[in-house]
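Below is one structure, written out as structure tokens, with a few remarks after it.
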Amino acid sequence: MKTMPKNIDIDPNKIFAKDFLKSTELPIHQYQKSIDDELKIHGKENLKEVLRHMYIVREFENMLNSFKTTGSYKNIDYTYNGPAHLSIGQEAAAVGAAFALKPEDKIFGSHRSHGEMIAKGLSAIKNLSRDKIKSIMQDYNGGKLISYVHKNLNDKEFNDAEMFLLSGVLAEIFMRELGFNKGMGGSMHAFFTPFGTFPNNAIVGGSSGIAVGAALHAHLNQEESICVANLGDGSTGCGLVWESMNFSSMGQYKNLWPEPYNKNPPMLFCFMNNFYAMGGQTLGETMSWDRLSRIATGVNSEQMHAETINGSDPLSVADAIIRKRKLLIEGNGPILLDIECYRYSGHSTTDTNAYRSRDEIKHWKFFDPIQQYSEKMIEAGIINKNDLNNMSEKVQNQIEYLTSKVVDRELTPSIDIEKNPTIIGDFTFNKKVISVSKITSDLLKNEGEVNKIKSLQKKSRFGKSEEGSLLSGMRAITLRDSLAEAIIYHLSRDKSLIAYGEECRDWGGAFGVYRGFSDIIPINRLFNSPISEAAIVSTAIGYAISGGRAIIELMYSDFIGRAGDEIFNQLAKWQAMSAGELNLPIVLRASIGSKYGAQHSQDWTSLLTHIPGLSIVYPATPYDAKGLMASSLCSNDPTVFFESQRLYDKVEIFTENGVPKNYYKVPFGKAVKRRSGKDITILTIGASLYAALDASMELINHNIDAEIIDARSLVPFDYEMLLNSVKLTGRLLIVSEAVERGSFANTIATNVSKFAFKNLRASPMIIGSPNWIAPGADMEKTYSPQSEDVLDLVFRDFFPEKRINKRGLRKDWDFLDLAKKGL
Amino acid sequence: MTDIIIPNLGNEISEAEITEWLVETGDDVEQGDVVLLISTTKTSLEIEAPTSGKISQINSNEGDLVQVGEVVCTIE
């Protein structure tokens, strides 16, 4: 009997039973501990440290504000050209949360996260052993930053680890080489992972899915730590945030995942709710919630254990985090905290406060976190006024001292672009490659017992019979099978690798590449995701930067739009924005569709080749699919792997011995010659190979000997092979199924014009899909280039004397007229 | 007498593999019972009995490749 992969029957009798949906009250400002209670829990010195940390955060941001608005700070003149999204007034939220977090807990922030990352760093420094801190500082950047601190910021008055932290952040904000990310991230992206601060994000809500991915990694590795997404209230309007809340509370963790993974990932959503999303007021204007915590009631029956917390009181925030952290470690995530607070500073320093009244700002100043907390400490006799003033003064001196050194361009320079003009490009790819273990592990069955693997072993490796006839995909290894072979090889041997996407488990992926994998790979490493393309990509990023590897599927490449920011701004950029501190070993599979029309049949390779930071491959044969997939899964750079749905059933006809049974790799950046010829070079991208090959057969009848090159890899692209070929043939036609306008084929054509101009007998031409929608199945052949279309162009543009009177649809198109019409 | 044939599953599919027989010769089946499982390059499929009756003949074994349109089983 067919094995049932899971057992959550949906019973209509239960579904249609009369009932009421229940929700419970969520606490709002229910914190009740007295200062004596807190004193007993934390001790006097710790409570004083909270105040000092708030002072540091405040003064640090006062300094930035002063530079932005006056060009100087305490007699230090400096023009700071970058952004300063300050959170003056929100210090209790940042410091209170950090105070309660452990050094190993990870926080991910927003574009307004200076305070959060400084506070978390200070908290880690307070809690880590001196030896540990010393080794962290020594290991980081070859010890350069700590040497700088010991040389230039050596006043014994100040703790060197704090100076290390603050100079790393400030140098990053000021875009200097000693910054934590060599100045490649800047103000909105600063982070330092050894202290538990992870990428802050300039895209509102952008951290949410990344943090969930990190929580998934912590969960699957049984780490006793939590992950925190510090988000603004404005991000409750962002799709990714909702996707991420759902992703972190999917029913399958508890219902389907085996022990010890049958718990929810330790994920905390901290909304630093200052009531304004830049100038739009979330409360009452742009959002529907009355209290931000209400949104948790829409996520799961536990209502995300949500609470609304007073973010002007650091101890109220710390109290909540301590309680919630315990729940999270026990597997009861995700949790939502609505931390209400207020920023007096503008959204940015150009903010004129047009959207709020001066009275409102004045009212909130009575709730100033530092003022309130100081009074409380004095009242409780924990600190006296004199000590308080000394503390404040010392912090001001610390920040002034720090700033005086970091602004100095001689002492603290930026990376030398004059000397090395392409240095930023060097951060784009790390080109690191892992080797895979030969030993299998973490499997439900031995490989030999798996039906999927047994059925592949029965098939012919080559796609033609001994008599030369083409074998069906039931008898020979197809492109789909060869992908499966490479992927199952890695999944079986690399425990850090997880695979997910919509219907990836039981269905085996929409096009069956993973069919049968659920027999062998445990569900916690191969699972169905919700229809949340943004979260699929975003969580993979968090999983990967935490030390894991992920292969994710987007079903149709048309759905790239649903994950636009996550692919364009996150996946493609974090390696370079972190100056190589982060690696993103992720393979994003996206299929190029067929038959379904405009929203399902687009070749969007060119959208992605336009974005720097992604390796992009598009194999057209089973041999290449397996070899390129192996290379992609070994790469530590993010790779987008395009697959054509029209090619899944293709058998191998080019490599004589067929698709090797054994594991092998096809390197990135190497094209392959499918046919040698002397009269014209036809470069094909992906599935167009087959149309071009058919055309080349017909061209022989007209004494035109075409050389066919299959690109295989788009980024990087093998210019060497192409230029060598064009040097011999003098003619180039590029065939791609991407729409012609803005296509990557145009970039290649331009480069060939530039680099092989003297060898060209005619201008390079490209043929792509026309600049309109992909029609449905019956009209599809009028859209993507067919062999007739290739023939038309070859005759028309390169061999007009041989032009023949028949062929495809494009024959008489006036391409210039179409272009003028925007088509 | 009713034949169970391998259905047409689209232009590109010409063959299917018999994954599993859920009946044996002589079994009684109701209309709609799943009789066999097949798989193609694209998908796995359950084939149901088109009518009630007794399985009188099974023409192929598990693991066999069969053509679209081929009679794999007969119900009387």
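The values are calculated or read from the model by the stated rules, or taken from the named source; none is laboratory data. Every value quoted in this text rests on a predicted model; they were computed, and no experiment measured them. Virtual Cβ from ideal backbone geometry, glycine too; neighbours counted across all protein chains shown. Only protein heavy atoms, including side chains, enter the accessible area calculation; ligands, DNA and RNA are left aside. Shrake-Rupley method; radii C 1.70, N 1.55, O 1.52, S 1.80 Å.
Which residues, counting only those in segment A:294-315, are surrounded by 24 or more Cβ atoms within 10 Å (Cβ to Cβ) and either among the hydroxyl-bearing types (Ser, Thr, Tyr) or touching a Cys at 6+ places or on another chain (Cβ under 6 Å) (or both)?
If the condition is that a residue be surrounded by 24 or more Cβ atoms within 10 Å (Cβ to Cβ) and either among the hydroxyl-bearing types (Ser, Thr, Tyr) or touching a Cys at 6+ places or on another chain (Cβ under 6 Å) (or both), then A:Gly311, A:Ser312 are the ones that fit.
I'd like to know if segment A:414-433 contains one or more residues that are under 30 Å from A:Glu157 (Cβ atoms) and not assigned by TED's automatic domain parsing to the domain that holds A:Ser167.
yes
With a cut-off of at least 3 residues that are more than 26 Å from A:Asn221 (Cα to Cα), name the strands (runs of 3 or more DSSP E) lying wholly within segment A:531-631.
A:586-592, A:615-617
Among residues belonging to segment A:632-651 that are within 14 Å of another protein chain (Cβ to nearest Cβ) and part of a loop (DSSP other than H, G, I, E, B), point out the one that is surrounded by the fewest Cβ atoms within 10 Å (Cβ to Cβ).
This residue is A:Asp649.
Being in the same structural domain as A:Gly209 (by TED's automatic domain parsing) and under 27 Å from the mean Cα position of the chain (by Cα) is the requirement here; does A:Ala92 meet it?
no
Would you call B:Val66 within 27 Å of A:Leu456 (Cα to Cα), aliphatic (A, V, I, L, M) and within 14 Å of chain A (Cβ to nearest Cβ)?
So B:Val66 fits the description; yes.
Is there a residue being touching an Asp or Glu at 6+ places or on another chain (Cβ under 8 Å) and in a helix (DSSP H, G or I) anywhere in segment A:727-736?
yes
Quick check: is even one residue across segment A:774-785 among the polar types (S, T, N, Q) and not in a helix (DSSP H, G or I)?
yes
Does A:Lys811 fit the bill of being at pLDDT below 95 and surrounded by 15 or more Cβ atoms within 10 Å (Cβ to Cβ)?
yes
From the list A:Phe511, A:Phe527, A:Phe568, pick out the single residue that is at pLDDT below 95, at negative phi and in contact with a helix residue (DSSP H, G or I) (Cβ under 9 Å, 6 or more places away or on another chain).
Selected residue: A:Phe511, the only one of A:Phe511, A:Phe527, A:Phe568 that is at pLDDT below 95, at negative phi and in contact with a helix residue (DSSP H, G or I) (Cβ under 9 Å, 6 or more places away or on another chain).
Considering only segment A:739-746, I want to know if a residue exists there that is open to solvent by 50 Å² or more (accessible area, probe 1.4 Å), closer than 14 Å to A:Ser688 by Cα and outside any helix (DSSP H, G or I).
Yes: one or more hits.
Looking at A:Ile335, A:Ile321 in this structure, which one is among the hydrophobic types (A, V, I, L, M, F, W, C), closer than 27 Å to A:Arg52 by Cβ and surrounded by 20 or more Cβ atoms within 10 Å (Cβ to Cβ)? Let's see the steps before the verdict.
Details: A:Ile335 fails: closer than 27 Å to A:Arg52 by Cβ.
Within the list A:Ile335, A:Ile321, the selection yields A:Ile321.
Name the residue that is farthest from the chain's Cα centre (by Cα), counting only residues in segment A:502-543 that are away from every other protein chain (no Cβ under 14 Å) and among the acidic types (Asp, Glu).
A:Glu502
Mind telling me which of the residues A:Lys806, A:Lys781 ends up being surrounded by 14 or more Cβ atoms within 10 Å (Cβ to Cβ) and modelled with pLDDT under 95?
A:Lys781
Tally the residues that are in a loop (DSSP other than H, G, I, E, B) and within 14 Å of another protein chain (Cβ to nearest Cβ), restricting the search to segment B:28-49.
Matching residues across segment B:28-49 total 5.
Name, by its number, the condition in (1) open to solvent by less than 10 Å² (accessible area, probe 1.4 Å); (2) within 13 Å of another protein chain (Cβ to nearest Cβ) that does not hold for A:Ala499.
(2)
Within segment B:42-50, can one find any residue that is surrounded by fewer than 14 Cβ atoms within 10 Å (Cβ to Cβ), at pLDDT 90 or above and touching a Ser or Thr at 6+ places or on another chain (Cβ under 8 Å)?
no
Tally the residues that are of a type in the set (Gly, Ala, Ser), over 25 Å from A:Ser518 (Cβ atoms) and either within 11 Å of chain B (Cβ to nearest Cβ) or in contact with a helix residue (DSSP H, G or I) (Cβ under 8 Å, 6 or more places away or on another chain) (or both), restricting the search to segment A:450-486.
2
Do you know which residues across segment A:609-636 are over 17 Å from A:Val672 (Cβ atoms) and touching a helix residue (DSSP H, G or I) at 6+ places or on another chain (Cβ under 7 Å)?
A:Thr609, A:Ile611, A:Gly613, A:Leu614, A:Leu633
Assuming A:Asn771 fulfils every condition listed in (1) of a type outside the set (Phe, Trp, Tyr); (2) open to solvent by 10 Å² or more (accessible area, probe 1.4 Å); (3) farther than 16 Å from A:Phe815 by Cα; (4) not in a helix (DSSP H, G or I) apart from one, which condition is it?
The single condition A:Asn771 does not satisfy is (3).
Write out, first by first residue and then by second, each pair whose Cβ atoms fall under 6 Å of each other, whose residues are 6+ apart or on separate chains, and whose first residue, in segment A:755-769, is closer than 7 Å to A:Gly730 by Cα while the second is surrounded by fewer than 20 Cβ atoms within 10 Å (Cβ to Cβ).
From segment A:755-769, the pairs are A:Asn759/A:Lys727; A:Asn759/A:Gly730; A:Leu760/A:Gly730; A:Arg761/A:Gly730.
Would you check if there is a residue in segment A:602-623 being buried (at least 21 other Cβ atoms within 10 Å of the Cβ) and within 14 Å of chain B (Cβ to nearest Cβ)?
Taking every residue of segment A:602-623 in turn, at least one turns out to be buried (at least 21 other Cβ atoms within 10 Å of the Cβ) and within 14 Å of chain B (Cβ to nearest Cβ).
Give me the pairs, please: first residue somewhere in segment A:146-172 and more than 21 Å from A:Asn65 (Cα to Cα), second residue anywhere and part of a helix (DSSP H, G or I) and acidic (Asp, Glu), beta-carbon distance under 9 Å, and either six or more positions apart or on two chains.
Correct list of pairs: A:Ile146/A:Asp160; A:Val149/A:Asp160; A:His150/A:Asp160; A:Leu153/A:Asp160; A:Asn154/A:Asp160.
Of all residues in segment A:17-70, how many are open to solvent by less than 60 Å² (accessible area, probe 1.4 Å) and of a type in the set (Val, Ile, Thr)?
Total satisfying the criteria: 4.
With the condition being over 15 Å from A:Asp313 (Cβ atoms), I'd like the helices (runs of 4 or more DSSP H) fully within segment A:1-114 carrying at least 1 qualifying residues.
Hits in segment A:1-114: A:12-15, A:35-42, A:44-70.
From the residues in segment B:7-27 that are in contact with a Ser or Thr (Cβ under 8 Å, 6 or more places away or on another chain) and assigned to a strand (DSSP E or B), which one is nearest to the other protein chains (Cβ to nearest Cβ)?
B:Glu15
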